[in-house]
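Participant: A single structure is presented below for examination.
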Amino acid sequence: LVVLGLEWLRWQVRPLVQELERSRNAALTSEARFRAAAESSLDPFFIFHSLRQETTGEVVGFRLVYANRPAEELTRQAGGSNKGADLAAVPHLSALPTILQKLRQVVASRQGIAEEIRIPEVGNGNGQGRGEAAWYSLQAVPLGDGVAVTLRDITERKSEQERLTIMAQTDALTGLANRRAFAKRLRHAIESSRRLRHQRLLAVLFLDIDHFKLINDTLGHT
């Protein structure tokens, strides 16, 4: 009877054991795929877990639980540490005054955010002063009771955009604002004057130099 009872119990438990084994293998496969995808990315990638107040359940901070290799390299160069318990472990994020509020909003609303941010100067990690300010594309999505954050350095693209904007609004010969820049500034001034009404007056001075074209044509621009 004992042997029969053990065989019957084993027969009853076997499907459960097999299901647990399949679930474990699926979880291991999923984790392996996630790590392969995260480590193959060239962008710094972080996972933060929410830290909640015991009494109210309000999110009061975040704890770093994962960082891929580019993320580790980024924080190491900035003088940070991936072993930190909060956002201070990532200087590029902790340098933003509103980062805690942004991540709390992601957790509360279950809606991701994507925006371009200018990160102030952070340490360069060599003890020789501070690094330069940079532009990053910040993406944060909810992940369980936390957030997954991706940073992409877009400093070169923003610098190129700024250079093209300056070229489009600057006279190549004199370096002064061209007609396009003047029209833009004039529209802005008119709109500001209309909003403030009598609190701000606007005047435009037009200065014409007679026969100046003749000087250019005969003596040259220089």
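The values are calculated or read from the model by the stated rules, or taken from the named source; none is laboratory data. As the structure is a computational prediction, the values presented were derived from the model and not from experiment. Heavy atoms of the whole protein, side chains included, go into the accessibility calculation; ligands, DNA and RNA do not. Shrake-Rupley method; radii C 1.70, N 1.55, O 1.52, S 1.80 Å.
Participant: Per residue of the stretch 7-17, what does 6.51 cos²θ - 1.76 cosθ + 1.60 with θ = phi - 60° give for ³J(HN,Hα)? Whole Hz please, x for Gly and Pro, Karplus curve as stated.
Facilitator: After applying 6.51 cos²θ - 1.76 cosθ + 1.60, I find 5, 5, 5, 5, 5, 6, 7, 3, x, 5, 5 Hz.
Participant: List the residues, sorted by chain then number, that are 5 or more residues from R52 or on another chain and whose placed amide H is less than 5 Å from its amide H.
Facilitator: So R52 has HN proximity to V60.
Participant: Would you list, by chain and number, the aspartates and glutamates whose Cα falls below 19 Å from the Cα of K158, excluding same-chain residues fewer than 8 positions away?
Facilitator: Candidates past the 8-residue exclusion: D43, E115, E116, E121, E132.
Participant: Taking a ≥ b ≥ c as the square roots of the eigenvalues of the Cα gyration tensor of the stretch 144-199, is the shape rounded (a/c under 1.5), prolate (a/b larger than b/c) or oblate?
Facilitator: Since a/c reaches 1.5 but b/c is at least a/b, the shape of the stretch 144-199 is classed as oblate.
Participant: Given a 1.4 Å probe and heavy atoms of the protein chains only, how would you sort L51, L164, L64, largest accessible area at the top?
Facilitator: Details: L51 60, L164 90, L64 15 Å².
Heavy-atom accessible area, descending, gives L164, L51, L64.
Participant: Another question about this same structure. Hey, which aspartates and glutamates would be in cross-link range of K213, C-alpha to C-alpha under 20 Å, not counting anything within fewer than 8 residues on its own chain?
Facilitator: Excluding near neighbours in sequence, the set is D171.
Participant: If you average the alpha carbon positions of the stretch 1-26 and of the stretch 170-216, how far apart do those two centres end up, in angstrom?
Facilitator: Their Cα centres are 84 Å away from one another.
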